[in-house]
Ligand code: NDP
């Protein structure tokens, strides 16, 4: 690039950074206040059972983070760290006992589960009122009927960030890239419930860039570094990058990146979440929020 081109390139205003880390800290503060009030009223803390099967290092980090942040906001966590050889029947029996344990308001089973255990069977075994991940078919159905109880944490975090930046989302065109049960589908449903015009794009979609370029709101949840570039982004759009990918840089250092080419996108988008520090912290904060919600609903 010539010096002049570089100068012009650098003069283009960068997208506003959506600081998920700061927003999540604020949300945790609100949950801490609510949890303190709950404890005063009931004589006990809201309780979160955290179930981890096996030794997956990433899952161990997630579980530790969730339990540490729970403690910080006054939520009691009850860890159940099970051997990788644990069978489905044993796990289902544990969930049944947690369903009947009055000190437990929320049950989190860290996914993925080892091969041989049916995720669907485990999710369906969790009492819907304690399903703080919002994955039980009852809660999925309630969300699609527009009567949500427990909303999956990552899409909920995205929605809160969008409403904070954009206010009323009615009439905005939203494109969600990815259609998983834990992110893409509930995200599209939440945006529809918020009166957006919603398109979901996935691995079989044609003309992905063209679809994405229509979006006022673009949410990307795929798991492919750099999948979304300038050609996917309408100037001024709000872009949320859910992807978490570990890559090696030129120096051989490992680092986390999202699905969006951050440097390129920040020259076109109106606002953009970073990775890390965007959606990740919001996911954990929303888990704590859901646990408090479950505790309040169970003691009504
Ligand atoms: P899944 O693998 O379950 O789903 C990925 C989706 O992306 C699928 O619907 C798939 O389509 C679609 N896809 C794959 N390739 C393409 C492509 N080339 N173009 C368009 N769509 C494509 O992933 P998750 O939804 O569980 O997670 C997505 C990402 O978000 C991951 O990086 C994960 O680590 C991250 N994540 C981050 C969280 C956070 O807190 N920040 C929480 C949860 C996940 P198809 O259905 O056709 O196969």
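Just so it is clear, none of the values below were taken in a lab; they were calculated from the coordinates. Keep in mind the model is a prediction, meaning the values are calculated, not measured. Every residue, glycine as well, gets a Cβ built from its backbone with ideal geometry; the counts of neighbours run over all protein chains shown.
Treating only the Cα positions of the range 113-184 as identical point scatterers, give the base-10 log of I(q)/I(0) from the Debye formula at each q in 0.27 Å⁻¹.
-1.33
Based on DSSP, what percent of beta bridges with both residues in the range 152-280 are antiparallel, to the nearest 5? Provide the component values of the computation, followed by the final result.
On the way: 4 of 20 bridges.
If we restrict to bridges inside the range 152-280, about 20 percent are antiparallel.
Can you bin every Cα-Cα distance in the range 216-285 into 10 Å intervals starting at zero and give me the percent of pairs per bin, rounded to whole numbers?
Result, from short to long distances: 23, 52, 23, 2 percent.
What is the range 43-128 by shape, rounded, prolate or oblate, if you read a ≥ b ≥ c off the alpha carbon gyration tensor as root eigenvalues and call it rounded for a/c under 1.5, prolate for a/b larger than b/c, and oblate otherwise?
Values: a/c = 2.34, a/b = 1.29, b/c = 1.82.
In terms of gyration-tensor shape, oblate.
Say we join alpha carbon atoms closer than 10 Å with springs in a Gaussian network model of the chain; which of 176, 257, 122 then has the biggest fluctuation?
122
Using the alpha-carbon atoms, what tilt in degrees (0 to 90, nearest 10) does helix 184-193 show relative to the longest principal axis of the chain?
For 184-193 against the chain, the angle is about 80 degrees.
Counting DSSP beta bridges with both partners in the range 206-283, what percentage is antiparallel, nearest 5?
35
By counting other Cβ atoms within 10 Å of each Cβ, how are 234, 21 ranked from fewest to most?
Listing 234, 21 from fewest to most nearby Cβ atoms yields 21, 234.
Between the alpha-carbon centers of the range 199-223 and the range 226-300, tell me the distance in whole angstrom.
The range 199-223 and the range 226-300 have Cα centres separated by 16 Å.
Where does helix 88-99 land angle-wise versus the long Cα axis of the chain, in degrees 0 to 90, nearest 10?
80
Can you tell me what share of the DSSP beta bridges in the chain is antiparallel? A percent to the nearest 5 is fine.
10
Hey, in the GNM for the chain with a 10 angstrom Cα cutoff, which one of 27, 156, 240 fluctuates hardest?
27
Explain nothing, just the number: relative contact order of the range 146-190, from Cα pairs under 8 Å at least 6 residues apart, as a whole percent. Walk me through the numbers on the way to the answer.
Values: 26 pairs, mean separation 22.2, N = 45.
This gives 49 percent for the range 146-190.
Using alpha carbon centroids, what distance separates the range 103-144 and the range 22-87, in Å?
So the two Cα centres are separated by 16 Å.
Tell me the angle of helix 20-42 to the major Cα principal axis of the chain, expressed in degrees between 0 and 90 and rounded to the nearest ten.
The two axes meet at around 20 degrees.
For the chain, what D do you get in µm² per second when you plug the Kirkwood radius from alpha-carbon pairs into Stokes-Einstein at 37 °C and 0.692 mPa s?
Here the translational diffusion coefficient equals 162 µm²/s.
Just to be sure I understand the curve: with the Debye formula and one point per C-alpha of the range 152-280, what is log10 I(q)/I(0) at q = 0.13 Å⁻¹?
-0.46
Over the chain, what is the relative contact order in percent, taking alpha-carbon pairs closer than 8 angstrom and at least six residues apart?
For the chain, the relative contact order is 22 percent.
If you average the sequence gap of Cα pairs under 8 Å that are 6 or more apart and divide by the length of the range 168-300, what percent do you get for the contact order?
Rounded, it is 19 percent for the range 168-300.
Per the helix-only calculation at 222 nm, which mean residue ellipticity applies to the chain, given -39500 (n - 2.57) for every DSSP H run of n ≥ 4 and division by its residues, nearest 500 deg cm²/dmol?
-13000 deg cm²/dmol
How are the Cα pair distances of the range 1-159 distributed, in percent, across 10 Å bins from 0?
9, 31, 32, 14, 7, 6, 2
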